[in-house]
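To start, the structure under review is shown below, and the notes come after it.
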Amino acid sequence: MTLLDFLREYLGMTGTNAGCRTGDCGACTVLLDGKSVNSCLVLACECDGKAVLTIEGLSAGGRLHPLQEAFMDEGAVQCGFCTPGMIMRGVEFLRGNPDPSPAEARVAIEGNICRCTGYENIVKAVLAAARKMKGGGVA
Amino acid sequence: MSGFACVGRKVHKIDAFDKVTGRAVYGHDLRIPGMLHGRILRSAHAHARIAEIDARPALGVPGVHAVITAADAKTGNIGFLQDHPVLKGDRVRSFRDEVAAVAASSEEAAEEACSRIIVKYEPLPAVFDPFEAMAPGAPQLHDSAPANIIKFGYDFNEGDADKALESSAFTAEGTFRTHYVTHCCMETCFALAVFGRGGSLTFHSSTQIPYLMQNTLSRVTGVPAWKIRIRQPVIGGAFGSKLDVYPYEIIAILLAQRTGRPVKITYTREEEFRCTPTRQPMVIRMSAGCDREGKLTARKAEAVLDNGAYTSWGITTPHIMLTGISSLYKVPNVSFKAFSVYTNNAYASAFRGYGNPQGTFANEQLIDELALKAGIDPVEFRLRNANTPGSVTPQRFRITTCGLSECIRKAAERIGFGGPKAANEGVGIACMFHVGGGGRVYKSDGCGVIAKLDDFGRLSLMTGATEIGTGSDTAMAMIGAECLGLPLDAVSVINDDTDVGPWDVGIHASRMTFIGGNAVIMACEDIKDQLREHAAPMIGSDPKNLEFRDSKIIDCMNPDRNIEISRVVRAVHFREKGRMIVGKGFYDPPNEFQGKDFRGNVSSTYAFAAHAVRVRVDPSTGKIAVLKFVAAHDVGRAINPLGLEGQVHGAIAQGLGFALSEQLVYDKGRLLNDNFTDYKMLLARDMPAEIEIHFIETDDPEGPFGAKGVSEAGIIPIPAAVANAVADAVGIRIRTLPMTPENVHSALKAAGKAT
Ligand code: FES
Ligand code: FES
């Protein structure tokens, strides 16, 4: 069983979406010990003893992550199907690169397909979140 | 700004919170106790007779509850011409044909069972090109269509295009070819059928046409339409693909009927590529003429459409292609013919812009060619011919507000037309004309809203208007908030249930904000009348002086006299002979259904845009780099500027993909690239680094707060704009899509310009 199926079918955590199940779209992106993975390509049993962070866990405690805020502020959400994966990828990216250029942000999300937004507002959201996180000291 | 409290402001989409937190419930997420999983077995041939189907081995797979074939599941046909059997019994006509289906307790069991069904085929000769399909001796697909030519075509004539072309000072002509692309909704298709009390059917679907779907499902399955309820979860993309009813949806119902259990079918991505409809490919022969001053004299177009094996909306895409050909710019003489031909290929449906991107690809390239011949700058040429308010086009479209000239000037200026260019760099412009005030493509163009105010000042908008990601829900909520002076958070849109929402014809033709928004205004006016009547005696004011602001009803002559809206509602509820505060709005725009002559004002206003691009062509590889993109749109008014920008950005990505890289590649009807690695959509890093979007606000008198529909508009001019820029850069005309490096390089080579 893949991590994706484990989350969705076994745990009923449907925030993580399945766009292809072949590792091509990034909709299923989650963080595994802090690194972004396509959960459709990871076996659930490989995650034994590891930390899995999904979109549901990102706003634990009821406070939205700055990226979640920024996606709303910048109009980065249309149908929203790519959104959880996009945000999880963004979380990992900003941890490693807290002050990215637009070009770096574009490359960072190149493995996440969005059919609706044309990416522009997603890139803006990533940059806005970076600014906010630097200012507010959120990691 | 506009002086509005909510309209025109940057707001969070009302569904954004659920979507950024993973709470949004999509079709994929639906699960019902006892639910079975359906799978479909498809044809192994492009064209064959089915000699025998032995489904018994499938029943031996543990967990299998039912196997159905055409023999034991009798239904009506589907499709625009009802030429499409749901399960194919005696003959398959394409690889996507449904031959049998299984319901089982798991996806795996269903899949395994499908693989055990034995089908004996007798292959038939097949045909994959519409011109070959018309030739004598070609295999015939349907008895109703001799020579495979479908008896449903388009023939429109205004003036005398042939004569006008003959006497034109300059003419240009060409044959243009557009290709197969597909919607690639990020959520693959699903259908979930649940039977309940008295044989009633609840059908969970991502459809764009909930109420029309009730009718089709009923006609095909025999379940009475009044027993069918459509529920729509959050929809993970549509773009026109969900405007028709497809076999898998009927199959889910048949399997649920057979098993007495809820049945869900979910497509794999591979199935999504192979089995969902495409954009309509076309071969368009077009000519255009102008006089010495560069005034257009005539346009003449003939289009041949590869219909594929069955008929969905693809066959009607010339309807919208014609609107651009007849009505983009002022052109007195127009001749247009189009027809469709059956082949053993994939069939096409609706896709953002309908046939307009295809037609505009031809149309706007010929404008550049005419401008060149007439020695007139292409921007100036367009301005000389631009539509103007108050004019009437050959199809009798009445142009009311029109910002086309402003769009052209803005796009040209911002891209730097006439300015310096590096080697192999070029700029191109293309414009578009599209419906912007609904589109009466069915007899109805209406949408209903029931608005309810509760004791605490919360406004619920119950409607049939479907949200497919475009943000129409948010626009409707903003309009409701504006009308009643409520905060946006106090407005909810309930539009997921045909048992609750009043009629809507469907989300197409960029109509939802325009039509649904007007319906919201009407429903809110109804509520305001009721509230005025109740509030006036409470605060001692004249009802006509009452305004709605800051969640209050305020006497504009004496603002000290005011009262919370919620207090009025409570007072109306908690009394003898109480009342409820519910408003109704049904907006059916003042537009016309066209007759067989294709004349009539199909939309109550029209959208215009100009796109300009700067490209660099690499003569050694043929690769086109889009350096800068400028989009200028006449939007009437931006209700939700962020959402509007998002619609245009998304259209730019889809349009550039259509122009440059996306292509379904078939080998004798079999799809070769059924995954995101081989089907090349633009990714984040492929987008132009510099994109500018400009809105021209023409404040349309019929639009809600002046707005026009705009969601399709952005994709329409793009392939033409890029082709015009390539011509400017390296002097070659690309008339066949897509403009991949290989195709551009071979065109460069043919012109002796490759390095
Ligand atoms: S679902 Fe995992 S990458 Fe697409
Ligand atoms: S918002 Fe629809 S796929 Fe990204």
DSSP beta bridge pairing in chain B, given as percent antiparallel to the nearest 5: 75
Hz values of 3J(HN,Hα) by residue in the range A:96-106 - Karplus curve (6.51, -1.76, 1.60), Gly and Pro given as x: x, 9, x, 9, x, 8, x, 5, 5, 5, 4
Cα-Cα pairs of the range B:628-670 separated by more than 14 Å (percent): 62
Test item: Cα-centred dipole of the protein assembly as shown, Lys/Arg +1 and Asp/Glu -1 on Cβ, debye: 340
Cα principal axis extents for the range B:411-504, largest first, Å: 67, 36, 20
Per-residue ³J(HN,Hα) for the range B:554-563, Karplus 6.51 cos²θ - 1.76 cosθ + 1.60, θ = phi - 60°, Hz, x for Gly and Pro: 10, 7, 5, 7, 8, x, 5, 7, 8, 7
Using a Förster distance of 60 Å, the FRET efficiency for B:Arg579-B:Lys120 (Cβ separation, nearest 0.05): 0.30
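What are the trypsin sites (Lys or Arg not before Pro) within the range B:272-331 that DSSP puts in a loop, where the Cβ has at most 11 other Cβ atoms within 10 Å?
B:Arg292
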Kyte-Doolittle at least -1.0, axis length at least 15 Å by Cα - qualifying DSSP helices, chain B: B:210-221, B:247-259, B:317-327, B:356-374, B:404-415, B:472-484, B:517-539, B:641-660, B:718-730
Low-density loop positions, GluC sites (Glu not before Pro), the range B:208-299 - DSSP coil, at most 12 other Cβ in 10 Å: B:Glu293
Stokes-Einstein D for the range A:52-139, Kirkwood Rh over Cα pairs, 4 °C, 1.567 mPa s (µm²/s): 101
Proximal aspartates and glutamates to B:Lys452, defined as alpha-carbon separation beneath 14 angstrom and excluding residues fewer than eight positions away on the same chain: B:Glu525, B:Asp526, B:Asp529
Angle in degrees between helix A:120-136 and the longest Cα principal axis of chain A, rounded to the nearest 10: 80
1.4 Å probe, heavy atoms, protein only - residues of the range B:9-33 losing at least 10 Å² accessible area vs chain alone: B:His12, B:Lys13, B:Ala16, B:Phe17, B:Lys19, B:Val20, B:Thr21, B:Gly22, B:Tyr26, B:His28, B:Asp29, B:Arg31
Per-bin percent of Cα-Cα distances, the range A:3-57 [10 Å]: 28, 63, 9
Per-residue [θ]222 nm for chain B (sum of -39500 (n - 2.57) over DSSP H runs n ≥ 4, rounded to 500): -8000 deg cm²/dmol
Separation of alpha-carbon centers, the range A:59-87 and the range B:451-522, rounded to whole Å: 23
The range A:48-110: trypsin sites (Lys or Arg not before Pro) falling in loop per DSSP and having at most 14 other Cβ within 10 Å: A:Lys50, A:Arg63
Solvent-accessible surface (1.4 angstrom probe) belonging to B:His694, in square angstrom, nearest 10: 40
The range B:675-732-the range B:316-388 distance, computed between alpha-carbon centres (Å): 16
The protein assembly as shown, accessible area per residue, ligands and nucleic acids excluded (1.4 Å, Å²): 35
For the range B:446-587, projected area of the alpha-carbon convex hull averaged over all directions, nm²: 8.4
Scaled radius of gyration (Cα, divided by 2.2 N^0.38 Å) that the protein assembly as shown gives: 0.94
Estimated FRET transfer efficiency when R0 is 51 angstrom, pair B:Asp377-B:Ala135 (beta carbons, to 0.05): 0.70
Where A meets B: accessible area buried, both sides, 1.4 Å probe, Å²: 3700
Spatial separation of Cα centroids for the range B:202-254 and the range B:598-624, in angstrom: 33
B:Tyr666 long-range amide H proximity, modeled H, under 5 Å: B:Leu672
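Strictly over 24 Å apart at the Cα level, which of B:Lys300/B:Lys373; A:Lys132/B:Lys410; B:Lys300/B:Lys668; B:Lys74/B:Lys120; B:Lys88/B:Lys668 would you flag in this model? Walk me through the numbers on the way to the answer.
Numbers: B:Lys300/B:Lys373 18 Å; A:Lys132/B:Lys410 34 Å; B:Lys300/B:Lys668 32 Å; B:Lys74/B:Lys120 21 Å; B:Lys88/B:Lys668 20 Å.
From B:Lys300/B:Lys373; A:Lys132/B:Lys410; B:Lys300/B:Lys668; B:Lys74/B:Lys120; B:Lys88/B:Lys668, over 24 Å: A:Lys132/B:Lys410; B:Lys300/B:Lys668.
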Backbone HN-Hα couplings from phi across the range B:418-432 [Karplus 6.51/-1.76/1.60, Hz, Gly and Pro as x]: x, x, x, 9, 6, 4, 6, 9, x, 10, x, 10, 8, 10, 8
Under 15 Å, Cβ to Cβ, from B:Arg599 - net charge with Lys/Arg +1 and Asp/Glu -1: 0
Rounded to the nearest 20 debye, dipole of the range A:66-134 from Cβ charges on Lys, Arg, Asp, Glu: 60
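Run through every distinct alpha carbon pair of chain B and return the Kirkwood hydrodynamic radius in angstroms, one decimal place. Display every interim value, and only then the final one.
On the way: mean 1/r = 0.0366 Å⁻¹.
Across chain B, the inverse of the average 1/r is 27.3 Å.
The values are calculated or read from the model by the stated rules, or taken from the named source; none is laboratory data. Keep in mind that what you see is a predicted model, and the values were worked out from it rather than measured. Every residue, glycine among them, receives a Cβ derived from its backbone with ideal geometry; neighbour counts consider all protein chains shown. What goes into the accessible areas is simple: the full protein's heavy atoms, side chains included, and nothing from ligands, DNA or RNA. Shrake-Rupley method; radii C 1.70, N 1.55, O 1.52, S 1.80 Å.
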